[in-house]
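To start, the structure under review is shown below, and the notes come after it.
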Amino acid sequence: MTKSTGKRSVDPERFWEAVEPFLAEDGVEEGTLMGFACIRVHGEFFAMPKHDTGQLVCKLAAERVAELVAEGTGEPFGPGNKVFKEWVLIDFAHEDRWHDLAGEAKAFVSD
């Protein structure tokens, strides 16, 4: 269900479609992070839809985040004015990579 927030529309279904296959894997479940929906593996957050846009946010190694930002695929991300070095926002323009990047994030937090 898409809902309007005024300037932007939230479409979390696109996020859930990208990560749904992970839900069939051992230890993967829906959860919350800072009160927002996310997906976890063995209790560790690895991906979520950005609460106001539905874009992918995932947790990766700081070096990988920097690489994705440098190539223009990702943007630094964090709550409020704080940027987390291991969180990256992936825009809808790169939605074809969401599943693979979420898989990288799952592997990263599983190590």
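Here the sum of -39500 (n - 2.57) over DSSP H runs of 4 or more residues, divided by the residues of the chain, equals -8000 deg cm²/dmol at 222 nm, to the nearest 500.
For K50, the aspartates and glutamates whose Cα comes closer than 14 Å to its Cα, not counting residues fewer than 8 places off in the same chain, are D11, E13, E75, D91, E95. Within the listed set T32, T53, T73, the Gaussian network model of the chain (springs between alpha-carbon atoms below 10 Å) gives the highest mean-square fluctuation for T32. Mean sequence separation of contacting Cα pairs (under 8 Å, at least six apart), scaled by the length of the range 3-110, corresponds to a relative contact order of 25 percent. Comparing L33, L56, L101 in a Gaussian network model of the chain, where Cα atoms under 10 Å apart are tied by springs, the biggest mean-square fluctuation is seen for L33. Shown for the chain are the DSSP H helices of 15 Å or more along their axis, judged by Cα atoms, with a mean Kyte-Doolittle hydropathy of at least -1.0: 98-110.
Distances between every pair of Cα atoms in the chain, grouped in 5 Å steps from 0 to the bin holding the largest one, split as 2, 13, 24, 26, 21, 10, 3, 0 percent. Largest first, the three principal axis extents of the alpha carbons in the range 59-111 are 28, 27, 18 Å in whole numbers.
If you keep only loop residues by DSSP, which GluC sites (Glu not before Pro) in the range 31-111 have at most 13 other Cβ atoms within 10 Å of their Cβ? Can you show the working numbers first?
On the way: sites: E44, E63, E67, E71, E86, E95, E104; in loops: E71.
Answer by residue number: E71.
Using a Gaussian network model of the chain in which every pair of alpha carbons under 10 angstrom is joined by a spring, one finds that among V69, V28, V83 the greatest mean-square fluctuation is at V83.
Along the positive direction of the dipole of the range 3-110 (beta-carbon charges: Lys, Arg +1; Asp, Glu -1; about the Cα centre), which of V88, V28, F15 reaches farthest? Positive-most Cα among the choices belongs to V88.
On the basis of the beta-carbon distance and an R0 of 22 Å, E63 and D100 show a calculated FRET efficiency of 0.80.
Every number here is computed from the coordinates shown, using simple stated rules; none is lab data. Given the structure is predicted, the values throughout are model-derived calculations rather than measurements. Because the Cβ atoms are built from the backbone with ideal geometry, glycine has one as well, and the counts that use them run over all protein chains shown.
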